[in-house]
Amino acid sequence: NTPSSFKLHPAYPNPFNPTTSISLNISNAGMVNVAVYNLMGQAISTLTEGYKDAGSYTLTWDASSHVSGMYLVRAETASSVSTQKLLLIK
């Protein structure tokens, strides 16, 4: 079952403490980068990076070593980019 389009699903749970799961649909095989950024635009965690086959993936971010606050998760393929907000509450 290959997804028909690229989609970054909403993280669950969000707000979260200390882990959240993010589902990602990739419609075409290729290079994928999913990273978490702070509000200053600095990459603080890479959830996945490299070649992925088309399909559905679930990624987990363990933010136990980070401070409470707003973060951005950005998923990027050769043809698509999607970003969403994450709220870590400790």
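The values are calculated or read from the model by the stated rules, or taken from the named source; none is laboratory data. Predicted model only: the values in this text are computed from it and were never measured. Neighbour counts are summed over all protein chains in view; Cβ atoms, including those assigned to glycine, are modelled from backbone coordinates with ideal geometry. Accessible surface areas use protein heavy atoms only, side chains included; no ligands, DNA or RNA. Shrake-Rupley method; radii C 1.70, N 1.55, O 1.52, S 1.80 Å.
List of remarks:
- Scanning segment 72-90 for residues that are β-branched (V, I, T), assigned to a strand (DSSP E or B) and open to solvent by less than 60 Å² (accessible area, probe 1.4 Å) yields a count of 1.
- Within segment 1-42, the residues that satisfy the criterion of being within 14 Å of E76 (Cα to Cα), of a type in the set (S, T, N, Q) and in contact with a Pro (Cβ under 8 Å, 6 or more places away or on another chain) are N25, S27.
- Tallying residues that are in a strand (DSSP E or B), in contact (Cβ under 8 Å) with a residue 24 or more places away in the chain and either open to solvent by 70 Å² or more (accessible area, probe 1.4 Å) or touching a Pro at 6+ places or on another chain (Cβ under 6 Å) (or both) within segment 43-69 yields 4.
- Residue in segment 7-28 that is assigned to a loop (DSSP other than H, G, I, E, B), open to solvent by 40 Å² or more (accessible area, probe 1.4 Å), modelled with pLDDT of 95 or more and among the aliphatic types (A, V, I, L, M) present: no
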